[in-house]
1. Return yes when A122 is more than 19 Å from A25 (Cα to Cα) and surrounded by 12 or more Cβ atoms within 10 Å (Cβ to Cβ) and no when it is not.
2. For the range 126-141, how many residues meet the condition of being open to solvent by 50 Å² or more (accessible area, probe 1.4 Å) and either out of contact with any Phe, Trp or Tyr (no Cβ under 8 Å at 6 or more places or on another chain) or part of a helix (DSSP H, G or I) (or both)?
3. Can you pull out the helices (runs of 4 or more DSSP H) entirely within the range 1-102 that have at least 1 residues that are in contact with a Cys (Cβ under 6 Å, 6 or more places away or on another chain) and open to solvent by 60 Å² or more (accessible area, probe 1.4 Å)?
4. Is there any pair with a first residue in the range 73-99 that is touching a residue at least 60 places away in the same chain (Cβ under 8 Å) and closer than 22 Å to D38 by Cβ and a second that is basic (K, R) and in a helix (DSSP H, G or I) whose Cβ atoms are under 7 Å apart and which are 6 or more apart or on different chains, and what are they?
5. For the range 103-125, name all the residues that are part of a loop (DSSP other than H, G, I, E, B) and either among the basic types (K, R) or farther than 27 Å from R15 by Cβ (or both).
Amino acid sequence: MTRYYPAYLNLTDKRCVVIGAGVIAERKVTQLLASDADVTLVSPTATAEIETLAAAGKVQWHRRAYQEGDLAGATLAIAATDDESVNRTVHAEAQRENTLLNVVDVTPLCGFIAPSIVERGAVTVAISTAGSSPALARKLRELMNGDQNPQH
């Protein structure tokens, strides 16, 4: 099993790319925006919340499928698709571009994994099982949250 190095990243004004725009991508976009990242989204369609963020100019949205070159200059990328071919292509580009990549639910393609998070004011607790049991990490987060306001 891969042993991950825990870290909190300063993404202020850093280019971050999210591929896909479903519910999971929406959570990732929201978290990146909360970190003051410069967020670009690539997806032909999006959730209503992402559409609202794009209309407000908070997210740059390319309304199309992923293309080679979309990660150019990106510090971090998240592939939130269920298309294995797209995920592998994004992974290959991330390797060439030296971009940190998280492919949601495909740990072997990840350069980093996203922990379950519990926030209490200025205190943030990150819970990780190194990708081996996301359900356990989620359950621990829910217990710490008292089953209210779960975040991923």
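1. On the way: more than 19 Å from A25 (Cα to Cα): yes; surrounded by 12 or more Cβ atoms within 10 Å (Cβ to Cβ): no.
It is false that A122 is more than 19 Å from A25 (Cα to Cα) and surrounded by 12 or more Cβ atoms within 10 Å (Cβ to Cβ).
2. Within the range 126-141, the first condition is being open to solvent by 50 Å² or more (accessible area, probe 1.4 Å), and the residues that meet it are 128, 132, 134-136, 138-140.
Filter once more, keeping what is either out of contact with any Phe, Trp or Tyr (no Cβ under 8 Å at 6 or more places or on another chain) or part of a helix (DSSP H, G or I) (or both): 132, 134-136, 138-140.
Selection size over the range 126-141: 7.
3. Details: elements: 23-34, 48-55, 84-97.
The helices (runs of 4 or more DSSP H) meeting that bar number zero.
4. I78/K28; A80/K28
5. Narrowing the range 103-125 to residues part of a loop (DSSP other than H, G, I, E, B): 104-106, 110-115, 121-122.
Selection gives G121 alone.
The values are calculated or read from the model by the stated rules, or taken from the named source; none is laboratory data. None of these values were measured; they are calculated from a predicted model. Counting neighbours? That spans all protein chains shown, and the Cβs are built from the backbone with ideal geometry, glycine included. Just the protein is used for accessible areas: all its heavy atoms, side chains included, with ligands, DNA and RNA removed. Shrake-Rupley method; radii C 1.70, N 1.55, O 1.52, S 1.80 Å.
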